[in-house]
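The values are calculated or read from the model by the stated rules, or taken from the named source; none is laboratory data. All values reported here derive from a predicted model rather than from experimental measurement. Positions of Cβ are generated from backbone atoms using ideal geometry, with glycine treated the same way; all protein chains shown enter the neighbour counts. Protein only, heavy atoms only, side chains kept; ligands, DNA and RNA dropped before computing areas. Shrake-Rupley method; radii C 1.70, N 1.55, O 1.52, S 1.80 Å.
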Amino acid sequence: MELTIRAATAADAAAITAVLQAAFAQHPHSQNQEYRLVEALREQGGLSVALCAWQGEQLCGLVCASPVQLPMSAEGWYGIAPLAVLPALQGQGIGQQLMQAVLHELQAMGATGCVLVGEPGYYQRFGFSADPALTSAGIPPEYVLSRAFGSQQAQGEIIYHPAFAVLES
């Protein structure tokens with residue numbers, strides 16, 4: 001079935017919650033609070049990009065980006081989180097298409113670059129790499145990844161949008 005990627009709307013909220021809860025239910029490094037993160041980002045105006053993947057009438061994936069601060073870097077950096085695909089549909093390239101779409105959107109917005117916390121083996125294919133000059137509190141450095149859209153590299157500790165506090169509660 002053909003995949004359609006489009007901007008999330010308010011009408012998608014319940015389906016987004018269901019996808020996030022399913023996608024992170026068995027994730028070893030999640031407390032399955034990503035749906036709360038997206039709700040908080042939406043409520044606080046922190047969703048710079050929110051893209052949904054649809055197969056027919058079924059929402060099957062989501063990727064979001066929100067502004068981050070990097071005190072030792074130029075402005076214009078974004079954090080990508082979460083990226084989620086329904087478990088039954090993982091491994092079919094949906095996540096890859098969502099990542100390519102969010103990277104395209106960020107570049108079109110004039111972003112300096114983006115950061116994320118994730119598995120290096122997966123995200124390297126999208127141009128992400130670890131750099132010891134970039135940190136995220138409590139995260140092993142090899143999982144703190146960045147991709148610059150120009151020559152300015154990410155440096156310093158990532159300061160996420162205040163909505164990320166829901167992940168700590």
Here the averaged projected area of segment 1-100, based on the convex hull of its alpha-carbon atoms and given in nm², is 7.1
So, for the Cα atoms of segment 50-116, Rg and Dmax in Å stand at 13.2, 44
Heavy-atom accessible area per residue of segment 14-169, all protein chains kept, 1.4 Å probe, expressed in Å², is 48
Here the convex hull volume per residue of segment 42-169, taken over Cα atoms and given in Å³, is 122
Largest fluctuation, 48, 73, 151 only, Gaussian network model of the chain with Cα springs under 10 angstrom, belongs to 151
A student asked for the Cα radius of gyration and Dmax of segment 76-144 in angstrom ought to give 12.7, 37
Expected sort for 118-125, 12-19, 142-149 on mean C-beta neighbours within 10 Å, highest first, is 142-149, 12-19, 118-125
